[in-house]
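J.: Got a structure here, written out as structure tokens. Questions coming.
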Amino acid sequence: MAETRALTTRAADFSAWYNELIARAQLADYSPVRGCMVIRPNGYAIWEEMQRALDQMFKDTGHQNAYFPLFIPQSFLSREAEHVEGFAPETAVVTHGGGKELEEPLVVRPTSETIIYAMYAKWIQSYRDLPLLINQWANVVRWEMRTRLFLRTTEFLWQEGHTAHATEAEAEEETRKMLGVYRTFMEEWMAMPVVTGRKTDSERFAGALRTYSCEAMMQDNKALQAGTSHNLGQNFARAFEVTFQTAAGGLDHVWNTSWGVSTRLVGALIMTHGDDAGLVCPPRLAQYQVVVVPIYKSDEERARVMETCDRLKRELSAARIRVHVDAREGTKPGAKYYEWEGRGVPLRLELGPRDVAAGSVMLARRTGGKKEPLPMEGLVATLESAMERMHTELLEASRARREAHSIRGVTKPQFIEFIEGDGGFAYGGFCGSGDCEAEIKEQTKATIRVLPDEEFRSLVAPTTCMWCGTPSVAEAVWSRAY
RNA sequence: CGGGGUGUGGCGCAGUCCGGUAGCGCGCCUGCUUUGGGAGCAGGAGGUCCCGGGUUCGAAUCCCGGCGCCCCGACCA
């Protein structure tokens, strides 16, 4: 019986494990519409915590939220040549409304640059209107061929920041700043280490000058692009005639940026920290940080135990710890333990008559270490520090795992062996040729995830392309990716 | 779109070869006994057997045609 209740292990079949975990923890479900997903309350709660943290970070960096419409006139998409080429194949188009054929078809937004910059053209007249720093939380639709819960679905939730600046330098600074915000969020909230850097032209956002991204390594050693930030230059400003009067009295096009993260982050969280028992949710993003499981036999014991549980709940809530008392009757404590472990709750408190009598409570951590009895005195501080430590340990363990599956200064034969083997991040010299990049992808299915930022680069800079041997123009990180 | 698999109570499956009107485990409901790592017993609810045709006295089962979903590949946050 025990076997049938266990998840497929990560080692046995990583993607089966992923799907089963999502079902078990009730994070999401398949919808009647192909490729779409229903985000269930347990999954949505994680997204809400992510939103809360990110939204605050956006506001702290001077951005305001707004909302732009779902429908975009088809002609808007075509205004920027590279943009339409990139997105046209994956758009859903509305041709009828109110029972009549529309004069102009409406595209369901795959991203909102076009409609937003059309509006910016109206709102921006002078350099005094800049910078314009706006974010929106929205759903978008991309008609993907193959979908996976959270990682790639036809419709997904995200935020997209869209800013306009007076100079190229300011736009570049914003692009980099928001990449940094994402990185901070991923490390400090998700406990997920990332490598940041620039995308090559082949992976660049359609219509952007430069694209930067945060790349994380999942437990199957594949890379996941977790967030992107684009310097759009004046490409969209020209297409939509977003101009402003400069202080000197001239007329110039604005410089734009856009940046986004999506519900894909929930998938990233699962594949970064989950284990064979289920989800492991970093404390800062957990819906419930602490679950209390009462234990009792008689009604009399129950009354005593529940009274203490209620008191615990009040105390922890007052300290802003998100706590839930699992008071369900008829479910044995052991069954509750398995359930909450599967759902990733960081800390569990078990409270029975013996604990009540002793003035203590049993603590079980989702990761690392055995159960231990704790005195009720000073419990809040103990739990807070346990969560802090857990966060740090998750981050460090993920970083260590990533480094253990990274190889630097690769030669071509090493690279092939590495990618064909367990995989991971391969650092090596890159000649800068798109043809070379394409050939590598063709032969190994590995792509350049990023040209890493300085702090991630190898101590010894490569001098030749690891594939073709010609002089290297940059160090690159290759990996197979989601 | 190519390859593979699969559609039978909420979930996982058996039954299909060899037609006879549907069963098992888990879950769910009620009651009693239980409760410190996935409870036991008793009773009970729940199914257009993916859809549409055909063959047959009779189809989950045989024949024809559709469709859905999952996994693996080519594209992507």
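J.: What's the number of the only condition in (1) within 16 Å of RNA strand B (Cβ to nearest atom); (2) farther than 26 Å from A:THR263 by Cα; (3) touching a strand residue (DSSP E or B) at 6+ places or on another chain (Cβ under 8 Å) that A:ALA81 fails to meet?
T.: (3)
J.: Please count how many residues of region A:263-288 are within 30 Å of A:GLN64 (Cβ to Cβ) and open to solvent by 20 Å² or more (accessible area, probe 1.4 Å).
T.: Total meeting the criteria: 3.
J.: Next question, about the same structure. Which numbered condition trips up A:GLN219, out of (1) away from RNA strand B (no atom under 16 Å from the Cβ); (2) open to solvent by 30 Å² or more (accessible area, probe 1.4 Å)?
T.: Here A:GLN219 meets the rest and fails (1).
J.: Taking only region A:440-455 into account, find how many residues are closer than 17 Å to A:PHE418 by Cα and open to solvent by 50 Å² or more (accessible area, probe 1.4 Å). Reasoning before the result, please.
T.: Residues of region A:440-455 closer than 17 Å to A:PHE418 by Cα: A:440-449.
Still in the running and open to solvent by 50 Å² or more (accessible area, probe 1.4 Å): A:441-443, A:445.
Counting residues in region A:440-455 that are closer than 17 Å to A:PHE418 by Cα and open to solvent by 50 Å² or more (accessible area, probe 1.4 Å) gives 4.
J.: Could you run through region A:336-357 and say how many residues are in contact (Cβ under 8 Å) with a residue 60 or more places away in the chain and either more than 8 Å from RNA strand B (Cβ to nearest atom) or of a type in the set (Ser, Thr, Tyr) (or both)?
T.: Residues meeting the conditions: 6.
J.: Considering each residue of region A:426-450, count those that are within 16 Å of RNA strand B (Cβ to nearest atom) and in a strand (DSSP E or B), and give that number. Give the derivation first.
T.: If we filter region A:426-450 for residues that are within 16 Å of RNA strand B (Cβ to nearest atom), which is where we start, we get A:434-450.
Now restrict to residues that are in a strand (DSSP E or B): A:447-450.
Residues flagged as within 16 Å of RNA strand B (Cβ to nearest atom) and in a strand (DSSP E or B) within region A:426-450 amount to 4.
J.: Could you check A:PHE236 against (1) out of contact with any Asp or Glu (no Cβ under 8 Å at 6 or more places or on another chain); (2) farther than 30 Å from A:ARG314 by Cβ; (3) buried (at least 22 other Cβ atoms within 10 Å of the Cβ) and say which number it fails?
T.: For A:PHE236, the failing item is (1).
J.: Kindly indicate the residue of region A:38-72 that is assigned to a strand (DSSP E or B) and open to solvent by 30 Å² or more (accessible area, probe 1.4 Å) and also nearest to A:GLY267 (Cα to Cα) among those meeting that condition.
T.: Kept after step one, since they are assigned to a strand (DSSP E or B), are these residues of region A:38-72: A:38-39, A:64-65, A:71-72.
Still in the running and open to solvent by 30 Å² or more (accessible area, probe 1.4 Å): A:38-39, A:64-65, A:71.
Numbers: A:VAL38: 14, A:ILE39: 12, A:GLN64: 27, A:ASN65: 25, A:PHE71: 27 Å.
Going through the qualifying residues, I end up with A:ILE39.
J.: Inside region A:228-260, can you point out the residues that are among the aliphatic types (A, V, I, L, M) and either away from RNA strand B (no atom under 16 Å from the Cβ) or touching a helix residue (DSSP H, G or I) at 6+ places or on another chain (Cβ under 6 Å) (or both)? Show your work before the answer.
T.: The first filter runs over region A:228-260 and keeps only residues among the aliphatic types (A, V, I, L, M), leaving A:232, A:237, A:239, A:242, A:247-248, A:251, A:254.
The answer is A:ALA237, A:ALA239, A:VAL242, A:ALA247, A:ALA248, A:LEU251, A:VAL254.
J.: Regarding A:GLY207, is this residue within 12 Å of RNA strand B (Cβ to nearest atom) and in contact with a strand residue (DSSP E or B) (Cβ under 9 Å, 6 or more places away or on another chain)? It would help to see each step written out before you state the result.
T.: Numbers: within 12 Å of RNA strand B (Cβ to nearest atom): yes; in contact with a strand residue (DSSP E or B) (Cβ under 9 Å, 6 or more places away or on another chain): yes.
Taking the combined requirement at face value, the residue satisfies it.
J.: Which condition number does A:SER360 fail, the rest of (1) under 29 Å from A:ALA268 (Cα atoms); (2) at pLDDT 95 or above; (3) within 16 Å of RNA strand B (Cβ to nearest atom) being met?
T.: All conditions pass for A:SER360, except number (1).
J.: So which residues in region A:288-305 are hydroxyl-bearing (Ser, Thr, Tyr) and without any contact (Cβ under 8 Å) to a residue 24 or more places away in the chain? Walk me through how you get there before you give the answer.
T.: First pass over region A:288-305, keeping only residues hydroxyl-bearing (Ser, Thr, Tyr): A:288, A:296, A:298.
Across region A:288-305, the qualifying residue is only A:SER298.
J.: What is the number of the single condition among (1) among the β-branched types (Val, Ile, Thr); (2) under 29 Å from A:GLU203 (Cβ atoms); (3) out of contact with any Phe, Trp or Tyr (no Cβ under 8 Å at 6 or more places or on another chain) that A:THR95 does not meet?
T.: (2)
The values are calculated or read from the model by the stated rules, or taken from the named source; none is laboratory data. The shown structure was predicted, so the numbers you read here are calculated from the model rather than taken from an experiment. Positions of Cβ are backbone-derived with ideal geometry, glycine not excepted, and every protein chain shown enters the neighbour counts. Surface areas here come from the heavy atoms of the whole protein model, side chains and all, with no ligands, DNA or RNA. Shrake-Rupley method; radii C 1.70, N 1.55, O 1.52, S 1.80 Å.
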